[in-house]
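Read-outs: derived from the displayed coordinates by stated rules, not from any lab. No experiment lies behind these values; they were computed from the predicted model shown. For neighbour counting, all protein chains shown are included, and Cβ atoms are generated from backbone atoms with ideal geometry for every residue, glycine included.
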Amino acid sequence: MVDKKLDQCMKPHGEEGITTIQNMNENHREIYDFGFECVDVGRDDKILDIGCGGGVNIERFLKLTDADVDGLDYSEVSVSESIRRNRSSVDGGRCRVIQADVSDMPVEDESYDLISAFETVYFWPDIAETFKEVYRIIKADGQFMIAQGTDGNHPDDEKWLKPLKA
Ligand SMILES: C[S@@+](CC[C@H](N)C(=O)[O-])C[C@H]1O[C@@H](n2cnc3c(N)ncnc32)[C@H](O)[C@@H]1O
């Protein structure tokens, strides 16, 4: 049985989903910084942040590229919070926030130069199939960056991973 907190992190929903997103925006800062250190962002790079949550990383990428930065998340609350945070770029046409499951993204083949996934991959269904879907929409020389504080090799990781495996 997945507990309530983990359930919210997996798919933020309702009023509590908004609080969860606000907490993640604060608590994931170190992971965000780590992820940004691992990529080279070019001024022409078109970027997608999958599992975009509150849209903090969409906002950060928008400052590093002149091209479009999109977000994708299957949670209605995550999508609306990402749009709220990046309202001027959404209105200006530089940012789209797509509500969809990562396993079936309404995105054309080879669309992005850089795809990021912060603290979300462990929630994805059938990882081999979803990675194929990411591969389909990334350009041939694109970068796919995964940033998370859990790699499954630390005893503390079990508190997150055990309920997900159940
Ligand atoms: C722990 S939150 C991380 C949010 C944000 N990336 C961050 O680091 O603050 C996980 C996010 O991934 C999204 N997510 C989980 N599984 C997904 C799936 N199958 N398809 C699309 N989004 C998914 C959730 O809705 C949630 O917004």
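For CYS52, CYS9, CYS95, the sequence from fewest to most other C-beta atoms within 10 Å is CYS9, CYS95, CYS52. Quick one: pull the percentage of alpha-carbon pairs in the chain with a separation above 19 Å. Value for the chain (Cα pairs over 19 Å): 54 percent. Each Cα pair under 8 Å and six or more residues apart adds its sequence gap; the mean of these over the residue count of the chain is a relative contact order of 23 percent.
Computed from point charges on the beta carbon alone (+1 for Lys and Arg, -1 for Asp and Glu), the dipole magnitude for segment 4-165 about its Cα centre is near 380 Debye.
Once the Cα atoms are used to define both axes, helix 127-137 deviates from the longest principal axis of the chain by about 10 degrees.
Straight-line cross-link partners of LYS139 among the aspartates and glutamates, defined as a Cα under 14 Å from its Cα and at least 8 positions apart when in the same chain: ASP44, ASP45, GLU108, ASP109, GLU110, ASP113. Each label point was placed 7 Å from the Cα along the Cα-to-Cβ direction; for ASP3 and ASP101 their separation is 2.7 nm. Of GLU119, GLU129, GLU15, the residue with the greatest mean-square motion in the GNM of the chain, using alpha carbon springs below 10 Å, is GLU15.
Taking a straight Cα-Cα cut-off under 16 Å and skipping sequence neighbours fewer than 8 places away in the same chain, the aspartates and glutamates within cross-link reach of LYS11 are ASP3, ASP49, ASP73, GLU76, GLU81, ASP101, GLU119. Here the residues THR20, THR150, ranked from fewest to most Cβ neighbours within 10 Å of their Cβ, fall in the order THR150, THR20.
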